[in-house]
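The values are calculated or read from the model by the stated rules, or taken from the named source; none is laboratory data. None of the values given here were measured: they were computed from a predicted structure. Neighbour counts run over all protein chains shown; Cβ positions are idealised from the backbone, glycine included. Side chains are part of the model used for accessible areas, which takes the heavy atoms of the whole protein and leaves out ligands, DNA and RNA. Shrake-Rupley method; radii C 1.70, N 1.55, O 1.52, S 1.80 Å.
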Amino acid sequence: MRRTAIALTALTLAACGARPAEVLPPAGKAEYVDASADHPHLKFGDGSVSANEACPVTKRKLSVWFPPVYVNGKPFGFC
């Protein structure tokens, strides 16, 4: 049973490592879409808008100082 789990883990890691990482251009300077909202979305210099309106960790307002993390091509902001 343990050998099967190790083999399956090794196969999974090999399959995931076969795909090269995507390199995206820098998002540019961020600004709030609606600064008067309690939790506004961020708009980045490349024209993209954050998929989230609150920090996924602390649930606070997003910060314009942290660069986004892209998940499936969509930017997610942080606080």
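How would Lys74, Lys29 rank on accessible area, largest to smallest, probe 1.4 Å? Before the final figure, lay out the partial values.
On the way: Lys74 125, Lys29 175 Å².
Ranked from most to least accessible, the order is Lys29, Lys74.
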Handout entry: Probe 1.4 Å - accessible area at Phe78, Å² to nearest ten
Key = 70
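For Phe76 and Ala51, compute 0.36 nm times the residue count separating them, minus their Cα-Cα distance, and round to one decimal in nm.
Working: separation 25, 0.36 × 25 = 9.00 nm, distance 0.55 nm.
Here the answer is 8.4 nm.
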Handout entry: Where Thr4, Thr58 fall by accessible area, highest first, once all protein chains stay in place (1.4 Å)
Key = Thr4, Thr58
Exercise for the section: Would you please give the FRET efficiency between Ala37 and Thr58, computed as 1/(1 + (r/R0)^6) with r the Cβ-Cβ distance and R0 = 25 Å, to the nearest 0.05? Expected result: 0.90
